[in-house]
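A quick write-up on the structure given underneath.
Throughout, read-outs are computed from the coordinates displayed, never taken from laboratory work. These figures come from a predicted structure and were not determined experimentally. All Cβ positions, glycine included, derive from the backbone under ideal geometry; neighbour counts span all protein chains shown.
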């Protein structure tokens, strides 16, 4: 089998994030050689066959060498992917079983060239608690965390 050529080779350090469920289905999120964001779907843990889905067709352009963070809950019914845009905004991409993929909220402005980004979920159905941390321009020497507990109240931020 020949090797795939999907990652950029003109810079080192592109990031990836992955989510997996109990049956072995796996999703990898990465920035491709065209600098767009992709989802690699691996549905069989014993196989190397995969399919790609371009997430950049409907979202703001990603910063070159963007950090990426992701999580899933409820199987792969609910997925969130976070990255930094070309204008340094922390952007959310949402997948739901009912609605497919669509752009989510902008959570703040990241420090230029920062590689700091994390995402966590506490999945207590029917409602989940979401947390996304990044290095913010408002408090660059700290961790800014956007968090969502009640969707009706929207995202809030706190600083560590």
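General remarks:
- Label-to-label distance, nm, for residues given as residue 36 and residue 116 (7 Å Cα→Cβ offset): 3.2 nm
- Taking the number of Cβ atoms within 10 Å of each Cβ as an exposure proxy, the fewest-first ranking of 51, 129 is 51, 129.
- Cβ crowding within 10 Å averaged over residues, with 66-72, 117-123 ranked highest first: 66-72, 117-123
- Considering only alpha-carbon pairs that sit under 8 angstrom and 6 or more positions apart, the relative contact order computed for the range 16-159 is 14 percent.
- Once the chain from residue 156 to residue 51 is taken as fully extended at 0.36 nm per residue, the excess over their C-alpha distance is 34.3 nm.
- When restricted to Cα atoms, the range 86-129 yields an Rg and a Dmax of 13.1, 37 Å, respectively.
- From least to most packed, judged by other beta carbons within 10 angstrom and beginning with the fewest, 16, 40 follow the order 16, 40.
- Extents of the chain, taken as max minus min of Cα coordinates on every principal axis and listed largest first, are 48, 41, 25 Å.
- Gain on full extension, evaluated as 0.36 nm per residue between residue 61 and residue 149 minus their Cα-Cα distance, stands at 28.9 nm.
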